[in-house]
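Okay, structure first, notes after.
The values are calculated or read from the model by the stated rules, or taken from the named source; none is laboratory data. In this text, all values refer to a predicted model and were calculated from it rather than measured experimentally. So basically every Cβ, Gly included, is an ideal-geometry build from the backbone, and we count neighbours across all protein chains shown. Quick note on the areas: whole protein, heavy atoms, side chains included, nothing else; ligands and nucleic acids left out. Shrake-Rupley method; radii C 1.70, N 1.55, O 1.52, S 1.80 Å.
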Amino acid sequence: MKVTITVNGEQIQDDVEDRTLLVHFLRDGANLTATNIGCDTTSCGACTVLLDGESVKSCTVLAAQADGAEVTTVEGLAGPDGELHPMQRAFQAEHGLQCGFCTPGMVMAAVSLLKENPHPTEQQVRVGLEGNLCRCTGYHNIVRAVLAAAAEEEGA
Amino acid sequence: MGTRVVRVEDPRLLTTGGTYTDDLREPELTGAAYVTFVRSPYAHARITGVDVSAARGVPGVVEVLTGQDTDDLPAPADGNPTAEPMLAKDAVRYVGEPVALVVTDGRYQGEDAADLVTVEYEPLPPVVDLEDALRGETLLFPESGSNVLAAAQDEGAGDDAFAACEVVVEHTIVNQRVAPVPLETRAAAAAWAHDRLTVWVSTQNAHWARDAVAGGLGIDPSAVRVITPDVGGGFGAKIGADREGVAVAWAAKRTGRPVRWVETRSENLVGMTHGRGQRQTFKIGGTRDGRITAYRLDLVQDAGAYPRMATLLATLTKSMASGVYDIPHVEAYFQVAATNTTPVAAYRGAGRPEATAAIERAVDMFAAEIGMDPREVRRRNFIAPDKFPHTTPGGMEYDTGEYAAALDRVLAAAGYDELRAEQARRREAGDPVQLGIGLSAYVEITGGVPEIGETARLVVHDDGTVTVLTGSSPHGQGHATAWAMLVHDELGIPMDKITVRHGDTDAIPVGIGTFGSRSLQLGGTAVHQAALEVKERAKELAADELEADKADLEFDTADGLWRVRGTPDIGLDWGRLAQLAGSDGLAADVHFTSDKSTFPFGAHVAVVEVDAETGKVRLVRHVTVDDAGPVLNPVLAEGQRQGGIAQGAAQALLEEVLYDAQGNPVTSTLVDYPFITATELPSFELVDMATPTPLNPLGVKGIGEAGTIGATPAVQNAVVDAVSHLGVRHIDMPTTPERVWTAINEARTGQ
Ligand code: FES
Ligand code: FES
């Protein structure tokens, strides 16, 4: 079947099998490989993207379900001039990533978290990111990065 | 050294994402077919027949390969009854063992086709736990006559040493099997062209992966090029190439078609090696005033179904048995037993966390027995600073250590006395939420076979930029930043002009890779020395060009210019010197080796709250000193410590790989395996301490595994401590609510 999804502002059309997952549409169809796959049970959040502004795990959405929708991946986060999004900046400044595999999903989940709660406490950040697993950082600097991004957005 | 520098790797990882193996869009992989493995559903069975005809009939199937097709491969080394095949042929020995593989045009077709490969099995009794293994009624490798793959015993004074003790405590504890779970599962891609294989693999060691592929396929290593793209975490479980990686390369050679493979998480949890897996019996004895005089550790290492690295793990545990303590009599014994489970290999710490967990529980139980504060018992038994270098009864030569200082520092930072006062208050008030304070003091061994060292090649280009080719291999540690810092420190070249390359066996003919916390002390030292050599050569070139004596030359790291003393206006930059070097180039090759390992150490304090009514544990604080010598970049070193602490705490609190009585894994998805999340951890409090080693010019030791080694026993000790006043002496890991609750209840009812 034919599916059209607006990914990071660009319309992408692809012919897919009915069972094609959104994450595979993004990776294979749109050739945007930042969004990763870390599990097969909706447990890890490595595949998190924004679907019509809401964070979803793209391994549990069929491409067909996203037909006509808008998707934002980490590739679409920086400004047109390449200026990093405050969340990306904060992840670098606070060393919120090591191997980087969880990072695209983690950053998207964090962006969505601050949209819903612009001034979270540390505990709220931890609870908000419970569905996103990271094996490298112990979450310490991820939490600090999200708090720093929140503080920066407040200051801006 | 010592500057906080954010990583040069990050902008790419944060914008386009890394290029992990499954992200590769190389031209050589255009039209690549997908490999899917058929894995054993039985823990132990004979293979009596394989029928691939139905699978071959599925549209899109390119090839189906089984163990029967492996006759083109070299036979396993002569007379090795425990050799591990690439694809199982006659027998399967764990659920998840690869039996066949299908190659398909499409990603989703692989599973359909794999389902249609019919393998007939004749089930055999499974050997699931260590008791079964040692009893030996069923053998995994009948030809070898036993399930015990290796054993070692120290000949000590044995019981005499304990007979002289006023107090002896003996206990058997479990260091449970855990899963490494790097967020990127294993993955590989391969292309065969012009009689040469190119293999991309998610590995910690491109060169060992190359040798594994070449050896497995019986071709010359020079006919294999291994490329390591970005690697999404390894933690010891991605050393080399694994049998699946070799099989993927083989499939490319057999079909002549480029192929790619990435395992699912459910495959990963049964197919990737597990870590830990020891049953430990310790005996600790000493005087009532807190002097430990004898320690015995008797352990059984679960190897899983094939011998991979289990003997090395047990050997490391044995060697490090006595930890930071000066104990006159130490003996350690191990048996390595085969079971019908996923093979066990390295996982962050690899043998040393197990040693530390045992002695730190033993010391706490000894302290409880004599009614002394565990802080005091530790202080009375540390190896004194004036005894270094110190050779232990286990034969380890500790380089440098300040164990008491590390403990004092972490206790001060944690506010130990206040914590004990708060604990007493809650105990007195009968608070349902009790406080537990756990200590650990550790020493570990790093450098990962330092004798084979690590390589670096540093090239200064005509435009003043630098390329560093390193044999070391990052998977999150930040080598690109660290190596650029080392070069910048010596040559004054801005970091953005320094490119670090790794993981390409054609570009870097010799290299070892990353494990055993070896990178900075070996690979980093090689880079440092290469920079010094280049600097020396540059000095000669500058002296010639400026017609000056070498002794009159000055180099300014601030602007990267060479000048003759007293003539500040004329300076030569790196680009110019590279031009002057002509066809020889301005470059240096270094292979740094060391004949000795280094021994980082530290102390952790964990604070937990335990709900005595439900058994629920919450880690509320974790304070550490991890002394691995001088720190190159605190940002990176702290990151290593934090990640390590989380993995260590995860073992103490939550994580465990479990099998049912038939050897079926019951934790083979991330729904069932309790991977630690952000909500189960606090922020960590890190205290600095830096005691250099004389064993390398940077004075550095390894920091990659320290956090894990210190954290596990501190957290476990804290949980036991929280309920010790109720009569609880020990709780095995993971300290789940059910276990804690049961322990409290048993203590109450006097069981
Ligand atoms: S890949 Fe989507 S949640 Fe793990
Ligand atoms: S940075 Fe490696 S999994 Fe998060």
Exercise for review: Give, as a single signed number, the net charge of other residues whose beta carbon lies under 12 Å from the beta carbon of B:Q68, with Lys and Arg counted +1 and Asp and Glu -1.
Suggested key: -4
Review point. Counting DSSP beta bridges with both partners in chain A, what percentage is antiparallel, nearest 5?
Key: 85 percent
Review point. How big is chain B by the Kirkwood estimate over distinct Cα pairs, in Å?
Key: 27.5 Å
Exercise for review: For region B:126-132, take each phi angle, set θ = phi - 60°, evaluate the Karplus expression 6.51 cos²θ - 1.76 cosθ + 1.60, and give the result in whole Hz per residue in order, putting x for glycine and proline.
Suggested key: x, 9, 9, 10, 5, 4, 4
Exercise for review: Determine Rg/Rh for region A:41-122; Rg is computed over alpha-carbon atoms and Rh is the Kirkwood hydrodynamic estimate from the same atoms.
Suggested key: 0.97
Practice item. Please provide three numbers in whole Å: the alpha-carbon extents of region B:299-390 along the principal axes, with the largest listed first. Key: 43, 32, 24
Review point. Under a Cβ-Cβ cut-off of 11 Å, what is the net charge of the residues other than B:T667 that fall near it, where Lys and Arg count +1 and Asp and Glu count -1?
Key: -3
Check your understanding: Under 5 Å between amide H atoms, partner at least 5 residues away or on a different chain: which partners does A:V7 have, H built in plane at 1.01 Å?
Key -> A:I12, A:V71
Exercise for review: Report the paramagnetic label zone for B:R12: residues of region B:450-482 whose backbone N is under 11 Å from a point 7 Å from Cα along the Cα-to-Cβ axis.
Suggested key: B:480-481
Check your understanding: Across all directions of projection, what mean area in square nanometres is found for the Cα convex hull of chain A?
Key -> 8.7 nm²
**Study point:** Calculated from backbone phi, Karplus (6.51, -1.76, 1.60) coupling profile of region B:225-242 in Hz, x at Gly/Pro
**Key:** 10, 10, 10, 9, x, 4, 10, x, x, x, 6, x, 8, 10, 6, x, 10, 6
Check your understanding: Of chain A, which part is the longest with no GluC sites (Glu not before Pro) in a loop (DSSP not H, G, I, E, B) and with at most 16 other C-beta atoms within 10 angstrom?
Key -> A:18-82
Check your understanding: Which value at 222 nm does chain B reach when only helices count, each DSSP H run of 4 or more adding -39,500 (n - 2.57), with the total divided by all residues and rounded to the nearest 500 deg cm²/dmol?
Key -> -9000 deg cm²/dmol
Revision key, fill the gap. When A and B pair up, the total accessible heavy-atom area removed from solvent (1.4 Å probe), in Å² to nearest 100, is 4400 Å²
Point to revise | Placed amide H near B:T499: partners under 5 Å, 5+ positions off or other chain | key: B:V466, B:T467, B:V468
Review point. Label points 7 Å out from Cα along the Cβ direction at A:E17 and B:S53: separation in nm?
Key: 2.5 nm
Practice item. Can you send over the solvent-accessible area of B:W208, 1.4 Å probe, protein chains only, in Å² to the nearest 10? Key: 80 Å²
Revision key, fill the gap. Region A:86-155 accessible area per residue, 1.4 Å probe, protein heavy atoms, integer Å², reads 31 Å²
Review point. Which whole-number percentage describes the relative contact order of region B:36-143, with Cα contacts under 8 Å and a sequence gap of 6 or more?
Key: 43 percent
Exercise for review: Figure the gain on full extension for B:E28 and B:D584 (residue separation times 0.36 nm, minus the Cα-Cα span) and round it to one decimal in nm.
Suggested key: 196.9 nm
Exercise for review: Whole Å is fine, so just give me how far the alpha carbon centre of region B:350-404 lies from that of region A:34-108.
Suggested key: 45 Å
Point to revise | Heavy-atom accessible area per residue - chain B, 1.4 Å, Å² | key: 34 Å²
Revision key, fill the gap. For region A:79-150, the charge dipole (Cβ of Lys, Arg +1; Cβ of Asp, Glu -1; about the Cα centre) points to a positive end, and the Cα of A:P86, A:L114, A:N132 closest to that extreme belongs to A:N132
Point to revise | Point-charge dipole on Cβ atoms (K/R +1, D/E -1) for chain B, about Cα centre, debye to 20 | key: 800 debye
Study note, to complete from the structure: One can check that the equivalent ellipsoid of region B:450-592, built from the alpha-carbon gyration tensor with semi-axes equal to the square roots of five times its eigenvalues, has lengths in Å, largest first, of 29, 14, 13
Exercise for review: List, in the order given, every pair from B:K387/B:K596; B:K497/B:K550; B:K318/B:K596 whose Cα-Cα distance in the structure shown is over 20 Å.
Suggested key: B:K497/B:K550
Review point. What per residue convex hull volume, in Å³, comes out for the protein assembly as shown when only alpha-carbon positions are used?
Key: 182 Å³
Practice item. Assign unit charges at the C-beta atoms only (+1 for Lys and Arg, -1 for Asp and Glu), then state the dipole size of region A:86-155 relative to its Cα centre in Debye, rounded to the nearest 20. Key: 220 debye
Exercise for review: Pick out, from B:V623, B:G17, B:A531, the residue whose Cα sits farthest towards the positive end of the charge dipole of chain B, with +1 on the Cβ of Lys and Arg and -1 on the Cβ of Asp and Glu.
Suggested key: B:V623
Point to revise | Helix-only CD estimate at 222 nm, as mean residue ellipticity for chain A, using -39500 (n - 2.57) per DSSP H run (n ≥ 4) | key: -9000 deg cm²/dmol
Point to revise | Reach of B:K253 by Cα under 21 Å, taken over lysines that are not fewer than 8 positions away in the same chain | key: B:K89
Check your understanding: In the neighborhood of B:V92, defined by Cβ-to-Cβ distances under 11 Å, what is the net charge if each Lys or Arg adds +1 and each Asp or Glu adds -1?
Key -> +1
**Study point:** Scattering curve values for region A:2-76, log₁₀ I(q)/I(0), Debye with Cα scatterers, q = 0.12, 0.22, 0.24 Å⁻¹
**Key:** -0.25, -0.89, -1.08
Review point. Does region B:1-131 come out rounded, prolate or oblate, given a ≥ b ≥ c as the square roots of the eigenvalues of its C-alpha gyration tensor, rounded meaning a/c under 1.5 and, failing that, prolate meaning a/b above b/c?
Key: oblate
